[in-house]
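What follows is calculated from the coordinates using simple rules that are stated; it is not laboratory data. As the structure is a computational prediction, the values presented were derived from the model and not from experiment. Here the Cβ is made from the backbone with ideal geometry for all residues, glycine too, and neighbour counts use every protein chain on show.
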Amino acid sequence: MHQGAAQGPAFEISGLQKSFGANRVLRGIDLAIPARAVTVLMGANGAGKSTLVKIAAGVHAPDQGELRLAGRPYSPATPAEAIDAGIVVVHQNINDGVAPDLDVASNLMLDRLAGGRMPVLFNPRRVRAEAGRIAELMGLEMDLTAPVRRLSLADRQMVAIARAMARDPKLLILDEPTSSLSDAEAQRLFALVDRLRAQGVAILYISHRMSDIRRVADQIVTLRDGRITGIFDTAPLDYEGAVDAMLGHGLTDVDIQSPPPGEPVLEVTDLQLVPGAKPFSLTLRRNEVTALTGLVGTGKTAFAEVLFGLRRPVAGEIRLNGRPHAPANPSQAIAAGVFLSAKDRATNAVVPQFDLMRNLTLPFLPRYSRAAIVSRGRERQVAQDQIAALRIVCQSERDGIQTLSGGNQQKVMVARWLSQTSRLLILDEPFQGVDIGARRDLGDKLRETASDRATLVLCAELDEALEVADRILVMADHSLAGDHPNRNVDLDLMLAQVAGSGAAARMQDGSAEMTA
């Protein structure tokens with residue numbers, strides 16, 4: 001934590017209320033965000049964070065309440081007015097912050113070009129020079145002439161943040177900024193946050209990633225059910241208290257009743273995911289929900305891709321139900337009973353042209369077919385069963401998939417793989433972008449249906465792992481760093497393991513010294 005010489009509030013919210021129909025989303029928010037400080041906003045999905053940000057950014061108008069920016073009344077009618085006034089948002093959806101078909105330099109300078117703040121005669125050399133200055137400030141190490149669409153997800157995120165910096169904001173809102181960044185890239189972001197805070201910028205940092213919060217927060221504000229439930233601004237910050245205020249219970253208080261695990265389903269021996277990584281072994285059992293957590297880029301998705309036939313490991317052996325498992329492609333994995341619900345549903349899962357039913361049945365169409373003719377009746381029955389089982393909110397199974405809310409789209413993607421019997425079900429970030437109600441529906445259904453398979457849930461957030469799993473594995477540096485039954489969890493040790501081998505070793509050495 002970095003307690004700066006915080007001055008008066010840069011942004012003030014008083015009595016803010018917002019409803020959408022009968023749904024009261026914000027219920028009287030009072031908040032002061034100081035300059036020269038990082039205010040972390042924590043809230044579970046559905047708490048009202050996105051609506052609060054959209055009001056600040058000029059997307060929605062409040063029903064009641066007052067906003068003040070730098071001591072003056074603030075009521076933007078459009079996002080452009082908000083930006084001109086000095087409030088800039090870097091959204092969690094990276095594509096909202098970049099123009100993929102333009103190069104990096106043009107993206108960094110896009111707002112100045114569009115706003116007419118560059119000379120009338122376009123000078124590409126001058127644009128690249130100014131973009132280079134911004135990139136240097138940001139610590140971007142990439143080709144400024146490269147089209148953004150060719151960059152990795154993490155690099156696109158860094159470009160979006162750098163573009164926001166070019167606007168010289170009074171209040172910078174960062175929405176889950178490290179969700180797509182590796183640890184090294186996150187450290188570059190944190191260094192930038194430090195510099196901006198020292199320059200007097202007010203920063204609203206939306207996250208419930210514990211490592212982020214402990215690194216950047218000057219104060220923590222918790223939001224639950226549209227109300228502020230806690231403000232923590234006294235050093236040292238009470239992180240456990242903030243989690244309690246956010247969730248309504250402690251992070252380790254979730255009551256998971258773990259059934260006895262069954263026989264081994266997946267046995268991994270001396271698996272090496274990438275060159276130089278430490279080999280690891282593990283066993284996943286029937287009737288057990290196992291969560292795999294860790295920072296972005298530490299190997300969770302790589303492990304899932306090996307199991308699903310999307311990549312090959314460097315070394316090691318995998319056995320499924322006692323037989324060697326080395327699928328050459330996803331079709332072979334599915335035939336063996338290994339299913340993967342991929343993360344980033346918009347890119348990797350949803351087919352926009354298809355209705356809900358066909359999105360749900362797509363991987364298994366041969367199973368609904370006879371003589372190459374698909375039985376619509378069988379498809380319809382399976383879709384209707386899954387709609388009821390997961391409480392998918394829709395008019396019918398024929399609804400266009402994009403007419404559903406994000407949470408209900410995610411339910412469809414999980415229902416796709418629950419609709420058929422599997423030996424190993426892998427879900428990569430199944431709770432990403434869903435509200436708390438949808439998250440509980442998904443978690444309950446995963447546990448209810450787990451008796452005949454092994455279930456592996458990849459999640460970057462510890463509260464999600466603790467809420468759904470019988471057992472929690474920690475991955476760091478493309479290897480297994482921890483294995484914890486979900487009872488009486490040593491949260492500090494788990495956090496140290498998530499942070500990396502050095503931090504975990506120091507924690508364990510300290511524990512050994514205390515018990516010696």
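Quick notes on this one:
- DSSP bridge orientation in the chain - percent antiparallel, rounded to nearest 5: 55 percent
- Using just its DSSP H runs of length 4 or more, each adding -39500 (n - 2.57), the chain gives a mean residue ellipticity at 222 nm of -10500 deg cm²/dmol after division by all residues.
- You can think of it this way: the chain between Ile231 and Ser14 has 76.6 nm of extra reach, that is 0.36 nm per residue less the Cα-Cα gap.
- FRET E, pair Asn329, Val351, Förster distance 22 Å, beta-carbon r, rounded to 0.05: 0.70
- Stretching the chain fully between Arg195 and Arg367 yields a gain of 56.2 nm (0.36 nm per residue, less the alpha carbon separation).
- With a Cα cut-off of under 21 Å and a minimum spacing of 8 residues unless on different chains, the lysine pairs in the chain number 9.
- Cα long-axis angle, helix 104-114 against the chain (0 to 90 degrees, to the nearest 10): 50 degrees
- Extension gain, Glu81 back to Arg319 (0.36 nm per residue minus Cα-Cα distance, nm): 79.8 nm
- From phi via Karplus (6.51, -1.76, 1.60), per-residue ³J(HN,Hα) for segment 487-498 in Hz, x at Gly/Pro: 7, 6, 5, 7, 5, 5, 5, 4, 4, 5, 5, 4
- Arg68/Ser258 FRET efficiency (R0 56 Å; Cβ-Cβ; nearest 0.05): 0.65
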